[in-house]
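Chemist: Have a look at the structure that comes next, please.
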């Protein structure tokens with residue numbers, strides 16, 4: 001059929017739950033993954049600094065009307081979790097750092113604090 005990129009089809013799953021029989025059917029659309037990546041990287045503030053998330057930064061960015069967020073990521077060492085909320089103008093952050101990893105936590109414009 002000559003495509004040079006992913007097919008743009010929005011009816012791959014039919015109303016009865018079956019998959020459309022066309023050759024153009026694909027459920028692998030990374031374009032949707034880009035939104036999830038942005039949410040983790042900017043709203044949650046999760047960014048790898050070393051391969052496998054051995055070292056990573058947590059730097060949540062509140063704003064735009066968002067007053068709280070929770071993000072988690074399963075890495076080879078375990079689960080990374082960040083929960084933050086704005087409470088009466090203060091940023092309250094809770095993080096979970098897996099064993100044998102290092103997290104740099106940066107809140108606002110302050111220097112990073114390192115947690116192991």
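Readers should treat all values here as calculations from the given coordinates under stated rules, not as data from a laboratory. Quick caveat: nothing in here was measured; it's all calculated off a predicted structure. A quick note on method: Cβ atoms are made from the backbone with ideal geometry, for glycine too, and the neighbour counts reach across all protein chains shown.
Chemist: Please compute the modelled spin-label separation between residue 93 and residue 25, points set 7 Å along Cα→Cβ, answer in nm with one decimal.
Modeler: That separation, rounded to one decimal, is 4.5 nm.
Chemist: Using R₀ = 35 Å, calculate the FRET efficiency as 1/(1 + (r/R₀)^6) where r is the Cβ-Cβ separation of residue 86 and residue 55; round to 0.05. It would help to have the intermediate numbers written out before the result.
Modeler: Details: r = 27 Å, r/R0 = 0.78.
Efficiency at R0 = 35 Å is approximately 0.80.
Chemist: Nearest 0.05, what FRET efficiency do residue 67 and residue 37 give at R0 = 22 Å with Cβ-Cβ as r?
Modeler: The value I calculate is 0.50.
Chemist: Please rank 20, 40, fewest neighbouring Cβ atoms within 10 Å first, as an exposure proxy.
Modeler: Values: 20 12, 40 18.
So the residues, fewest neighbours to most, are 20, 40.
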